[in-house]
Structures are given as C-alpha cells and as structure tokens.
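J.: A single structure is presented below for examination.
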Amino acid sequence: MDDDLIIGGEKFSSRLIMGTGGAPSLEVLDQALVASGTELTTVAMRRLDPSARGSVLDVLRTRGIKVLPNTAGCFTAGEAVLTARLAREALETNWVKLEVISDERTLLPDPIETFDAAERLVADGFVVLPYIGDDPALARRLEQAGCAAVMPLGAPIGSGLGIRNPHNIELIVEAAGVPVILDAGIGTASDAALAMELGCDAVLLATAVTRAQRPDMMAEAMRSAVRAGRLARLAGRIPRRRYAEASSPMNP
Amino acid sequence: MNVTINGTAHELPSGATVTQAVRKLTEATSGVAVAVNDEVVSRGAWDSTALAEADRVEVLTAVQGG
C-alpha cells in the first residue's frame, strides 16, 4: 500500500521520526535507528567539544537518514532563531524542529515564544516543525503562520506518561491541514499505536527507545506499533457499544 | 587581542579571522557553524571576517538530542 508521509513537499515511507538523545553510545544509537526504520531523525546543536569522538552526524549520514536539527535548550524566540540559523549553516538543511521551553522542570513548550519564533523562521525560509502543547487553537494558528507540521506533546519530554489528553490530539488532527506529529511522552509501543489510531500522521520519540533496556528491540516494537496504529486508523475501527453484539450465530 | 571562544578566553593575534578562532577547536569545516556576537557568520565568510577585541565566538556542531 502506498501511504507516504509528506512534510514540506518531501516524502517519507516511515512514519516514525526518531530522536537521538539518551543513547548510551553511538553504536547503540545506530542499532536502534536501523531497527526503527526511521528516515528522519533529530539532533541538537551544542558548542563543539574538541575531545568528542565520533559524531551523531556520521551515523545519520552512513544510514542515509535525513537530519532534523532542533532548538532544544532555547528559552526565547531569539535564541531559537539563532540556533536554527546555525543549524542551517552547519547541517545544510532549512528544516528545523522548533522547540522553545518554558522551564527546566517540566520542559513544557512556551507557546508565546514558539509562535514568535515560528513566524520569524517561516519568513526566513525555514521548514518549521514546532513542538507545542496539546492545544488545538495554537496548532491552528501555527499552521496559518506557515508551519510545515505541528508537533503536539502526548506528555512531558522523557516522562513516558503516554498521551494524557487524547481528545485534544483528536481535535488537533481534525482541524489540521498539515501533518500532525505526536511528539514527547511516548513510553511504550501501545502509546505510539494510540497516537496513530487517533489520526496523527507520525510519531516522534527518543527516550522510550534510547533508555529502554534493549533499545534495538524497543525500536523495532515502535516501528511495528506505528505501522499497526496507522493501518488501524485507515481501516476504520468499529464503534464502541455498551452491550455485546454476537459474533457467532445465536440460533442453534 | 582577547576573544571568547565557546565561553573560554583566548588570545589571538590582532586582526585574526573567524577561521583562526575555529582552528583553536577543530580542523573540521563541515558540520560546524559559527556565530560572532550572536550573528551567524557563514562558512564562506570565515576567512574574510576579522574579529575584534572582546568578540564572543560560538562554534557549534550537532550532538545527540531530541
């Protein structure tokens, strides 16, 4: 079945977008990325450390995975815009996962700074994928501002709490004309499947895989879960009923 | 001339360029980006951009994250 994910005019056959944070080594990360089947993977921008050996970029390049720089660690629109521009320069991509957080304890996205940065980055020619709360109104406004996708959270980053407000995710999906990517909060495979069943176009996760006891095995589980959830969404689930409906003939 | 490179003080010859500042940390030319006083300096301009006293140079690269 031909069922490509299209973001900013680019096609992906995998609907699982991976992050790279939290992996104990580049070898473990490499195995997990391969097992996940991902075609798009995030990296962060940080000060160059001359003592660092090996690079996440080498892993992505070797595996032919498109790099998606993020603006993790930014607290203001100004910081995020500068980080995106540096990423564009270093990685030769105009794609950016826009992430502007409000505080270090919750890492929840700041909607005001995020919207401000999104407008500036769209005007500067970026393909902007903003990380946001599960807020249908903000998602719509960001789409109107020219973002290529919206990335509502399921739960706080790294929390593994799953999708705390499935209803809001459905509302975002219903109204969206750009891909909706469930980002953050995924704990295990059923969370990823649920995101897809709710109608999300893709799932972005990192911690659930990189900090699992067997990252490569969990990556494979996520790959299957995203595919299963997508198929279930397309297939159309049965309505929920209050009482039983016999699946075997009742007459003798 | 004193400049700050990634938060650390460095002494560079007067009129030193962005390239010379980057070389304090790495020989790499790809996968690296530079901002001087919060303005991006594109790679093609590293050789021709002279630094000034007290400039803040940031040399960034991609790391695991997100």
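J.: Within segment A:96-114, can one find any residue that is at pLDDT 95 or above, in contact with a strand residue (DSSP E or B) (Cβ under 8 Å, 6 or more places away or on another chain), open to solvent by 20 Å² or more (accessible area, probe 1.4 Å) and in a helix (DSSP H, G or I)?
T.: So far as segment A:96-114 goes, yes, one or more of its residues are at pLDDT 95 or above, in contact with a strand residue (DSSP E or B) (Cβ under 8 Å, 6 or more places away or on another chain), open to solvent by 20 Å² or more (accessible area, probe 1.4 Å) and in a helix (DSSP H, G or I).
J.: Moving on. Restricted to segment B:28-52, and to residues that are more than 10 Å from chain A (Cβ to nearest Cβ) and part of a loop (DSSP other than H, G, I, E, B), which residue is surrounded by the most Cβ atoms within 10 Å (Cβ to Cβ)?
T.: Among residues in segment B:28-52 that are more than 10 Å from chain A (Cβ to nearest Cβ) and part of a loop (DSSP other than H, G, I, E, B), the one surrounded by the most Cβ atoms within 10 Å (Cβ to Cβ) is B:Leu51.
J.: Follow-up. Select from segment A:1-29 the residues that are within 10 Å of chain B (Cβ to nearest Cβ) and either under 15 Å from the mean Cα position of the chain (by Cα) or of a type in the set (Phe, Trp, Tyr) (or both) and list them in ascending order.
T.: Residues satisfying the conditions are A:Ile17, A:Met18, A:Gly19, A:Thr20, A:Gly21.
J.: Go through segment A:122-177 and give me each residue that's in a loop (DSSP other than H, G, I, E, B), open to solvent by 10 Å² or more (accessible area, probe 1.4 Å) and in contact (Cβ under 8 Å) with a residue 60 or more places away in the chain.
T.: The answer is A:Ala148, A:Gly158.
J.: Identify, from the list A:Thr93, A:Thr83, the residue that is of a type in the set (S, T, N, Q) and buried (at least 21 other Cβ atoms within 10 Å of the Cβ).
T.: After ruling out the rest, the residue left standing is A:Thr83.
J.: Output the number of residues of segment B:1-27 satisfying the condition of being in a loop (DSSP other than H, G, I, E, B) and either without any contact (Cβ under 8 Å) to a residue 40 or more places away in the chain or open to solvent by 80 Å² or more (accessible area, probe 1.4 Å) (or both).
T.: So the answer is 10.
J.: When you scan segment A:92-110, do you find a residue that is within 13 Å of chain B (Cβ to nearest Cβ) and under 20 Å from B:Asn6 (Cβ atoms), even just one?
T.: Looking for residues that are within 13 Å of chain B (Cβ to nearest Cβ) and under 20 Å from B:Asn6 (Cβ atoms), one finds none in segment A:92-110, hence no.
J.: Of everything in segment A:208-223, what is out of contact with any strand residue (DSSP E or B) (no Cβ under 8 Å at 6 or more places or on another chain), in a helix (DSSP H, G or I) and open to solvent by less than 70 Å² (accessible area, probe 1.4 Å)? Give them in sequence order.
T.: A:Ala208, A:Thr210, A:Pro215, A:Asp216, A:Met218, A:Ala221
J.: If you don't mind, another one. Within segment A:14-40, which residues are in a helix (DSSP H, G or I) and either surrounded by fewer than 22 Cβ atoms within 10 Å (Cβ to Cβ) or touching a Leu at 6+ places or on another chain (Cβ under 7 Å) (or both)?
T.: A:Leu26, A:Glu27, A:Val28, A:Asp30, A:Gln31, A:Val34, A:Ala35, A:Ser36
J.: What is the residue count in segment A:42-68 for residues that are part of a helix (DSSP H, G or I) and more than 26 Å from A:Met151 (Cα to Cα)?
T.: Qualifying residue count for the region: 2.
J.: Within the group A:Asp116, A:Asp135, A:Asp124, which residue is closer than 21 Å to A:Ala192 by Cα and of a type in the set (Asp, Glu)?
T.: Answer to the selection: A:Asp135.
J.: Of everything in segment A:37-54, what is within 7 Å of chain B (Cβ to nearest Cβ) and under 18 Å from A:Thr83 (Cβ atoms)? Give them in sequence order.
T.: Across segment A:37-54, the qualifying residues are A:Thr42, A:Val43, A:Ala44, A:Met45, A:Arg46, A:Arg47, A:Leu48.
The values are calculated or read from the model by the stated rules, or taken from the named source; none is laboratory data. Everything quoted here is computed from the prediction, not taken from an experiment. Here Cβ is always computed from backbone atoms with ideal geometry, including for glycine, and neighbour counts include all displayed protein chains. Accessible surface areas use protein heavy atoms only, side chains included; no ligands, DNA or RNA. Shrake-Rupley method; radii C 1.70, N 1.55, O 1.52, S 1.80 Å.
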